[in-house]
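The next block holds one structure in the form of structure tokens; read it before the comments.
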Amino acid sequence: MHKQSNPLQIYLDHGATTPVRTEVIDAMLPYWTDVYGNPSSVHRFGQLARKGLQYARTTIAELINCRTNEIIFVGCGSESDNLALRGVMWAARKFGIGNHLITSAIEHKAVLDTASQLRDLAGFDVSILPVDEFGQISLDDLTSSIRPDTVLISIMAANNEIGTVQPIEEIGAIAQERGVLFHTDAIQAAAMLDWDLNRMPFDLVSMAPHKFYGPKGIGILYARQDIELISALTGGGQENGRRAGTENVAFAVGAAVALRLALEERQENTIHYQALKNQLIDGIIESFSDDCRLTGHPTNRLPNNASFSFKNISGNDLIFHLDVAGISASSGSACLTGDPEPSRVLKAIGLSDEWTKGGLRLTVGKQNNEDQIEYILKVLPDIVNRLRQIKVQIA
Amino acid sequence: MRQPHQNPRAILANEENSTRRVVVAMSGGVDSSVAAGLLVAQDFDVIGVMMRLYSEPSQGSETKHNRCCTPDQMADARRVANQLNIPFYVLDTQEFFFNTVVQPFIDGHVSGLTPNPCIACNRSVRFDFLLKHALALGADYLATGHYARVSDTAEGYQLKKAIDGDKDQSYVLHVLGQYELARVIFPVGDYTKTEVRELASQLGLPVALKSESMDLCFLADGNYHRFLVENAAGSLQPGPIITLTGSEIGQHRGLGHYTIGQRKGLGVSVGQPMFVVKKDPANNILILGTREEASKKRLIAQRVNWIAGNGPTAPIMAEVKIRYRANLVPAIITALDDNKARVVFEKSVFGITAGQGAVFYQGENCIGGGIIADEVI
């Protein structure tokens, strides 16, 4: 589309989204012009559509080992987070069984802003656990913040910006022991975990298929069947009364196929991603001295996430210059209107002001290879140096 | 680097254009949009960049935007970029713009000057900061929607007035040197404003019918009196108004509210028209005089830039503009040490204001200029 003299277009922002794979597109196609009925209709068109929806739901349930009625289709990953938090807390309010929510300082805004709104507009109590320099919460902090009126703990499986993986099985075990529900935003991690919800102590899990080569415009919420959820979207009673709206059968089927393929390929993808991620991390850390640092946990991190911060550099400028050089990446403090804020996550892990605007996130995917990484390693130091030069020259 | 040419239409269809990268400074307005469109039509490798400049801080729950960097303007610029099929980025320039343009504007008013912030912006922000970014991106040129022309001659680059004399912006571009002129393109300088609007329609640009404002870009509402009151309140104390002979004839509201040559709104009545002649910020006094007393025959310019690189070694004859909208007045200019110049006018000129630009022309060429100093030698 863009006419540029640089023909290279290296996509390194798989944490933002991924291309839809052809198997998924093929699986979705019939549902637009052939099987187009409304799944709620009595007639055969409806029945066939319902069957497609059923297939999608069953497939996903089998893949993550839960019951079919525990899968709720929603409009996006953020909606899944919203439904988990609001659904549970309002139900607790309705039954008078508690008022307190615990979450962490580095959750996605879909969790944190929802929590803030619950606190500010509806009088729920919210505790926000701090994180250490790697972005992990302390299990002791968690345990001591659980109160008799705690209803829900929400801690993400892995952080989108810095890639750090949280000890969600331990967190789930603590929650279980104390009779508190546990929700995990697994949007970044869904394709990387070995799912077994029969064994894993999770009550609610959020996923977004567009992160694993499925379509945008659909999200998944797993909710253990005995959990009461007050729905945010009311009306036609779809999704067992938990989320109204004519079901997007095509996308549900696409989501199921995407998840199936992602989990089938999980091990080989993980190996592929780790190699490229390590090549990136080693190469970048070596090229820079103490004006660049790895952010997030060095080993306990998503296999595809290499994130850094550059001292006294604007992450926004960096990704702009990188894009012109043919490398598409992201930064925790980028902004389409040129008004970047310091990254909340980098502040939470204790970085000072000189670092918090300089984030760079590189997330590899299936389409990336060693040669592309080599190119980035060659080009990145140049770009950072040039940006530093500009600062020096205009000072 | 630039193709030598005598044809005033600067952008020629040229096979080599596609290997040349140009960063276009886009504002969402008609001029910069058409500039981008012309470059794309001539097959350059074009990248659109909009600078996010300083906006006044939020008051209450409304984020106050300046006239220029509103989300709407940005959306317009982005739409134009999409239409032209070029990438579009926003460069955060807020702090730098505040430090190099806004703060000096405030400080200037506090010391009794009337700065022209567009000159500072072109000197520091557009043709230094942005130019450096453009070059760092591998661009060969930076293009803007300014009305001006550059020509390449055996003696070097020349800055010429735009074809449309009414829109000519060479005045604020007098800060450019040979280095910058080798690296800038002003696509719309060869067209009249009417032609530019037609081009916008022809190119199908969504901003063809936009109106343009002439106010300072970083003001939310064009009201610089309010801006000064809010940002330099301490220096805007009432004080005495006196004549050149020392008689006190009234009170002023704060020196920053007045400009040299101002006649209206002085609140005095002495039987003849009185004009602001001078400000004395040290004593907070406003000095009025007759029209003759408010006219001077000479000025000293400082921070003088000569387009050719070096100043003339002997006094030269030229025409001078003492304000963006002033008429050209004949004068003799002598280059002095320390990047200064003395300008002696043929006839007294009314309203010479320290802080404004004094820009020198010979025919179509802008040959340089500087900032009018608060001293007369």
* So how strong a dipole does the stretch A:142-220 carry about its Cα centre when Lys and Arg Cβ are +1 and Asp and Glu Cβ are -1, to the nearest 20 debye? -> 200 debye
* **MRE, 222 nm, helices only [DSSP H, n ≥ 4, -39500 (n - 2.57), over chain A, to nearest 500]** => -13000 deg cm²/dmol
* Structure fact -> Surpassing 19 Å at the alpha-carbon level, of the pairs A:LYS216/A:LYS277; A:LYS277/A:LYS366; B:LYS296/B:LYS321; A:LYS311/A:LYS366; B:LYS167/B:LYS297, are A:LYS216/A:LYS277; A:LYS311/A:LYS366; B:LYS167/B:LYS297
* Structure fact -> On the accessible surface of the stretch A:77-212, probed at 1.4 Å with all protein chains in place, carbon and sulfur together account for a percent value of 50 percent
* To do: Give the shape of chain A as rounded, prolate or oblate, defined through the alpha-carbon gyration tensor: a ≥ b ≥ c are the square roots of its eigenvalues, a/c under 1.5 means rounded, and otherwise the shape is prolate if a/b is larger than b/c and oblate if not.
  => oblate
* Please arrange A:ASP323, B:ASP221 by accessible surface area, largest first, computed with a 1.4 Å probe and ligands excluded. => B:ASP221, A:ASP323
* **Cβ-based charge dipole, chain B, positive-most Cα from B:ALA36, B:GLY369, B:PHE218** => B:GLY369
* Asked: Roughly how crowded by other chains is peptide B:80-93, in terms of the mean Cβ count from those chains within 10 Å of each of its Cβ atoms?
  -> 4
* **Relative contact order (percent, whole number), the stretch B:212-304, Cα cutoff 8 Å, 6+ residue spacing** => 22 percent
* To do: Provide the solvent-accessible area of A:LYS94, counting protein heavy atoms only and rolling a 1.4 Å probe, rounded to the nearest 10 Å².
  => 130 Å²
* Heavy-atom surface of the stretch B:184-268, accessible at 1.4 Å and reported per residue (Å²) -> 48 Å²
* Using θ = phi - 60° and the Karplus form 6.51 cos²θ - 1.76 cosθ + 1.60, what ³J(HN,Hα) does each residue of the stretch A:238-243 get, whole Hz, x for Gly and Pro? -> 5, 6, 6, x, 9, 7
* Asked: Does the stretch B:70-204 come out rounded, prolate or oblate by the C-alpha gyration tensor, with a ≥ b ≥ c the root eigenvalues, rounded set by a/c under 1.5 and, if not, prolate when a/b is larger than b/c and oblate if not?
  -> rounded
* Quick one: of the DSSP bridges fully inside the protein assembly as shown, what percent are antiparallel, nearest 5? -> 65 percent
* Whole Å is fine, so just give me how far the alpha carbon centre of the stretch A:304-361 lies from that of the stretch A:150-184. => 27 Å
* **Size of charge dipole - the protein assembly as shown - debye, nearest 20, with Cβ of Lys, Arg +1 and Asp, Glu -1, no other charges** => 2040 debye
* Gap in Å between the Cα centre of the stretch A:203-259 and the Cα centre of the stretch A:13-50? -> 14 Å
* Structure fact -> Output field shielding_mean for A:320-327 (other chain Cβ, 10 Å radius) holds 4
* Sort out for me the Cα centre separation of the stretch B:135-180 from the stretch B:282-356, rounded to whole Å. => 23 Å
* Ordering of A:38-47, A:117-126, A:194-203 by packing [mean C-beta count within 10 Å, highest first] -> A:194-203, A:117-126, A:38-47
* Can you list the residues of the stretch B:99-140 whose accessible area drops by at least 40 Å² going from the chain on its own to the full set of protein chains, with a 1.4 Å probe? -> B:LYS132, B:HIS133, B:ALA136, B:LEU137
* Place the peptides B:290-298, B:179-187, A:139-147, A:205-213 in order of packing, highest mean first, counting for every residue the other Cβ atoms within 10 Å and averaging per peptide. => A:205-213, B:179-187, B:290-298, A:139-147
* To do: Enumerate the amide H contacts of B:ILE367 below 5 Å, restricted to partners 5 or more residues apart or on another chain; note that Pro and chain-start residues carry no placed amide H.
  => B:PHE360, B:TYR361, B:GLN362
* **Relative contact order of the stretch A:1-95, pairs being alpha-carbon contacts under 8 Å that are 6 or more residues apart, as %** => 10 percent
* Structure fact -> Note on chain B, DSSP bridge orientation, antiparallel percent to nearest 5 equals 70 percent
* Structure fact -> Computed over chain A, the relative contact order (Cα-Cα under 8 Å, seq sep at least six) in percent reads 22 percent
* To do: Just reorder B:LEU135, A:LEU221 by solvent-accessible area, largest first, 1.4 Å probe, all chains present.
  => B:LEU135, A:LEU221
* Enumerate the amide H contacts of B:HIS252 below 5 Å, restricted to partners 5 or more residues apart or on another chain; note that Pro and chain-start residues carry no placed amide H. => B:GLY239, B:ILE241
* By the gyration tensor of its Cα atoms, with a ≥ b ≥ c the square roots of the eigenvalues, what is the shape of chain B: rounded for a/c under 1.5, prolate for a/b over b/c, or oblate? -> oblate
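The values are calculated or read from the model by the stated rules, or taken from the named source; none is laboratory data. Quick caveat, the model's predicted, so the values are computed rather than measured. FYI the Cβ positions are ideal-geometry reconstructions off the backbone, even for glycines, and counts take in every protein chain you see. The protein model used for the area step is the full one, side chains on, heavy atoms only, and it has no ligands, DNA or RNA in it. Shrake-Rupley method; radii C 1.70, N 1.55, O 1.52, S 1.80 Å.
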